[in-house]
Every structure is written in C-alpha cells, then in structure tokens.
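Trainee: Shown below is the structure under consideration.
The values are calculated or read from the model by the stated rules, or taken from the named source; none is laboratory data. Everything quoted here is computed from the prediction, not taken from an experiment. Here the Cβ positions follow ideal geometry from the backbone for every residue, glycine too, while neighbour counts run over all protein chains shown.
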Amino acid sequence: MYRVKCVLAAAVALAAFPTAAQVAGPEIAVGILDHAIRKPFRDAPPPGFDLYQGEEERGTADIQLVYRSAPLTKALKPRMTARLQVNTDGRTSFASVGAEWRQHVLNGRVYGQVGIGLTIHDGYRFTPDPFVAGLSAAEVARRFDLFANRTSFGSRVLFNPNLSIGVRLNERWAVEAALEHFSHAQIFSKQNPGINSVGIRLVHTLGRGQ
C-alpha cells in the first residue's frame, strides 16, 4: 500500500506543474522487460535455500503491449491504459487496466510518467507445498520445481504501480524506460512477495501533436 500511496502522490505533484507542449493523441507501445529483478529489500529465504520470495522467476523476459487513451479533461487529466505483459519463458503473465499521469519538460522532448493499475495474472496464488509428508518422490520433485521457479503472489488480483521516463524522438515516436511493480499490499492474504520488472518501450502516437 505504501507504493500505491507514493504513486498517487507523485501523480498529484506532476499535475501541479504547467505542462509543456505535448502530444495529446492516444498511444500504442511495445516493450521488453527484465522479469522479476532482484529487489533491494528482500525476505530471508527458508533455512538451507538461496531463494528469495519474489525472485523465483528472475532471469526471464517479458514482452509488453500497451494502449493509452488521449488525456482526459478531468481528474488531473490521466491517460487511461490497458496493458498485456507476457512472459517468454512460460512464467507469470499479467493483464492490467489503469491510469497514468504525465509531465513534459524541455519543450516537450522529455517526460516523466506515473501510473496505477489493477491486474490479474495467470500464475500461482499459492504454489503447492513440497514438504507435505507422504508425497511420492515424483510429486515432491514436481512441487519443488514449482516452489523454486514460480512465484506465489497470494492473490489473483494485484495492484500495478508503475513509473516511466520518456524521450520523444519526433511527434509520432518516443522511447521510454519503465519500471513495473506487481503486488497486493497484503490486502488479500499475508502472502505478498511482489515482483518488479524494468525495461524499455517504443511508443507510437496515433493522434496529432498540439
């Protein structure tokens, strides 16, 4: 919940500054992201395991597709967004809807953007416990593979605070560096490792600049 509050506070701060010339049409974007990067603050692994919660799927990549509306005229003028983030190694993928707030600087050539979304995923709420007594050797191996390589998010529904910095190449094209976070702030269960992804996006504007 702390991350969600930070993103909302940043959105208000961005909206408080005058906006430089910007491209106001809807946008589509495609990106590639490093899935489940190492986090600076991590829960300790179980004794005897070098495995941190939220990093089980680290070392894989995501392809991300994004649609953004033109800025609304109310509510701090957000762009409504829909995004699909698909893991290329068969790990967890995400589908999100939300809103983003943008502020341009340097005559519209550079912008900062913050957003918040609601996400569903196709991964695990809870991976099966490999340490249950009485399991066959094959079932223990199967469960341990999931324990070691799939993240238990604790909820099918997650929040998606996100940040990006964009550089506009021309009226139609921009490149963004992006950070995506997925977790549920322990609202739906105590299990809440969360993951972060970072990467780059190529953005195409469908409307005309103003």
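Trainee: Limited to the range 107-151, what total is found for residues that are on the phi > 0 side of the Ramachandran plot and free of Cβ contacts under 8 Å to residues at least 40 places away in the same chain?
Mentor: 1
Trainee: For the range 113-127, check the following and say yes or no: at least one residue is in a helix (DSSP H, G or I) and surrounded by 12 or more Cβ atoms within 10 Å (Cβ to Cβ).
Mentor: No, there is no match, as no residue in the range 113-127 is in a helix (DSSP H, G or I) and surrounded by 12 or more Cβ atoms within 10 Å (Cβ to Cβ).
Trainee: Consider only pairs whose beta carbons are under 7 Å apart and that are at least six residues apart or on different chains; among these, list those whose first residue lies in the range 94-106 and is within 22 Å of Thr151 (Cβ to Cβ) and whose second residue is modelled with pLDDT of 95 or more and outside any strand (DSSP E or B).
Mentor: Listed pairs, sorted by first residue: Ser96/Asn160; Gly98/Asn160.
Trainee: Looking at the structure I just gave you, is His104 part of a strand (DSSP E or B), modelled with pLDDT under 95 and either closer than 22 Å to Val66 by Cβ or of a type in the set (Gly, Ala, Ser) (or both)?
Mentor: yes
Trainee: Can you find, within the range 177-198, the residue that is farthest from Val66 (Cα to Cα) among those that are aliphatic (A, V, I, L, M) and not in a loop (DSSP other than H, G, I, E, B)?
Mentor: Ile195
Trainee: Could you tell me whether Tyr111 is over 16 Å from His181 (Cβ atoms), in contact with a Gly (Cβ under 6 Å, 6 or more places away or on another chain), modelled with pLDDT of 95 or more and not polar (S, T, N, Q)?
Mentor: Yes: the conditions hold for Tyr111.
Trainee: Something else now. So which residues in the range 188-208 are of a type in the set (A, V, I, L, M) and closer than 12 Å to Phe159 by Cα, if there are any at all?
Mentor: Ile195
Trainee: Anything in the range 26-83 that is part of a strand (DSSP E or B), among the hydroxyl-bearing types (Ser, Thr, Tyr) and either more than 16 Å from Ala178 (Cα to Cα) or at pLDDT below 75 (or both)? List them, or say none.
Mentor: Thr60
Trainee: I need the full set of residues from the range 152-164 which are of a type in the set (A, V, I, L, M) and in contact (Cβ under 8 Å) with a residue 60 or more places away in the chain, in order please.
Mentor: Scanning the range 152-164 gives Leu158, Leu163.
Trainee: Restricting attention to the range 78-97, report how many residues are of a type outside the set (S, T, N, Q) and crowded, with 20+ Cβ neighbours inside 10 Å.
Mentor: Result for the range 78-97: 5.
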